1. Whether any residue in region 170-186 is of a type in the set (A, V, I, L, M), more than 18 Å from S130 (Cβ to Cβ) and under 17 Å from the mean Cα position of the chain (by Cα) is what I want to check.
2. More than 14 Å from the chain's Cα centre (by Cα) and open to solvent by less than 30 Å² (accessible area, probe 1.4 Å): which single residue out of A224, A197 fits that description?
3. Give me the pairs, please: first residue somewhere in region 250-279 and more than 24 Å from V220 (Cα to Cα), second residue anywhere and part of a helix (DSSP H, G or I) and modelled with pLDDT under 95, beta-carbon distance under 7 Å, and either six or more positions apart or on two chains.
4. Collect the residues in region 45-74 that are within 20 Å of C199 (Cβ to Cβ), in a loop (DSSP other than H, G, I, E, B) and at pLDDT 75 or above, keeping them in residue-number order.
5. Starting from region 210-224, take each residue that is of a type in the set (S, T, N, Q) and list its partners that are outside any helix (DSSP H, G or I) and surrounded by fewer than 21 Cβ atoms within 10 Å (Cβ to Cβ), counting only C-beta distances under 9 angstrom and pairs at least six apart or across chains.
6. Answer yes or no as to whether T84 is at pLDDT 70 or above, assigned to a helix (DSSP H, G or I) and open to solvent by 70 Å² or more (accessible area, probe 1.4 Å).
7. When both residues are 6+ apart or on different chains and their Cβ atoms are under 6 Å apart, which pairs have a first residue that lies in region 176-195 and is over 21 Å from A115 (Cα atoms), and a second that is open to solvent by 10 Å² or more (accessible area, probe 1.4 Å) and assigned to a helix (DSSP H, G or I)?
8. Name the residue, out of S235, S216, S180, that is open to solvent by 50 Å² or more (accessible area, probe 1.4 Å) and out of contact with any Lys or Arg (no Cβ under 8 Å at 6 or more places or on another chain).
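The values are calculated or read from the model by the stated rules, or taken from the named source; none is laboratory data. Keep in mind the model is a prediction, meaning the values are calculated, not measured. Cβ placement follows ideal geometry from the backbone for every residue including glycine, while neighbour counts extend to all protein chains displayed. Just the protein is used for accessible areas: all its heavy atoms, side chains included, with ligands, DNA and RNA removed. Shrake-Rupley method; radii C 1.70, N 1.55, O 1.52, S 1.80 Å.
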Amino acid sequence: MADNQNLLAGQRRALILEEVRRRGGIRVSELTRMLQVSDMTVRRDLDVLARQGTLEKVHGGAVPVDQARTHEPGFEAKSELELTAKSDIARAAASLVVPGTAVALAGGTTTFAVAQQLVDIPDLTVVTNSVRVADVFHAARRPAEGRGVESGAATVVLTGGVRTPSETLVGPVADAAIGSLHFDVLFLGTHGISVEAGCSTPNLAEAETNRHFIRSARRVVVVADHTKWGTTGLSSFASLDEVDTLVMDAGLASDDREEIEEHVAELIIAGPEPAGAAG
């Protein structure tokens, strides 16, 4: 399809919809290569098709309407998406953490990236329901040969529970453990975020566990790349006014930023602005 950059918008969107239905879902990166148009053009096409109700946006792409709200990609699949954005977000989010505080990290690939930035901050107490996040801190605390654990290393508390496709522990056991604790700052990832639905996930049990995290935190920080904006999962776990700080990457369009700032106390845009960005 070498000449698809010359297609009319309606023709391009028809092709996108055909591919989504035929394949059961497709990534933005695949569509940009297939149609030979920009990432922003594809995302705008997906926004139009989503508003028309013909498909649903999910992490880094789109799926048919009947799959979107309950579609939960595995950790490995999500970890390949928006790597630069997640790295930028993680660095900005980690700068909010003060040594010696109690930090909670819920599951997800963006919070996993945050964890990698927190390992050098001393004297943290970390509570997480993410197997992958716990592994980050345990690996960082492995003593060098002949030495004990370094002073100032993080103390990690891993909740129990039932494991999700995202390597996250949820359910009553996790909820009870989280509900008995108190955190200075909580980092939450999200499947989708919008004005109407707030933060949402396809997993009902994960939504409930996230609500327990929020109730136990003094400060709620949501970390989400720009592809999550406008996406809605099956179950909401936080309205935008429950989010103290939202950290997103510079791929977020300017008009979306303005809309978010009307509802969230603090919006932090991480990373360099894309060249020629016009919103």
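1. Checked against the condition, which is being of a type in the set (A, V, I, L, M), more than 18 Å from S130 (Cβ to Cβ) and under 17 Å from the mean Cα position of the chain (by Cα), region 170-186 yields no hits at all.
2. Just one listed residue meets the conditions, A197.
3. From residues that are more than 24 Å from V220 (Cα to Cα), the pairs are G279/S254; G279/D255.
4. Once the filter is applied, which keeps residues that are within 20 Å of C199 (Cβ to Cβ), in a loop (DSSP other than H, G, I, E, B) and at pLDDT 75 or above, region 45-74 yields only G60.
5. If the second residue must be outside any helix (DSSP H, G or I) and surrounded by fewer than 21 Cβ atoms within 10 Å (Cβ to Cβ), the pairs left are S216/S180; S216/L181; S216/H182.
6. Numbers: at pLDDT 70 or above: yes; assigned to a helix (DSSP H, G or I): yes; open to solvent by 70 Å² or more (accessible area, probe 1.4 Å): yes.
Yes, satisfied.
7. Close Cβ pairs (under 6 Å, with a partner that is open to solvent by 10 Å² or more (accessible area, probe 1.4 Å) and assigned to a helix (DSSP H, G or I)) amount to G179/H212; I193/K228.
8. Being open to solvent by 50 Å² or more (accessible area, probe 1.4 Å) and out of contact with any Lys or Arg (no Cβ under 8 Å at 6 or more places or on another chain) holds for just one of S235, S216, S180, which is S180.
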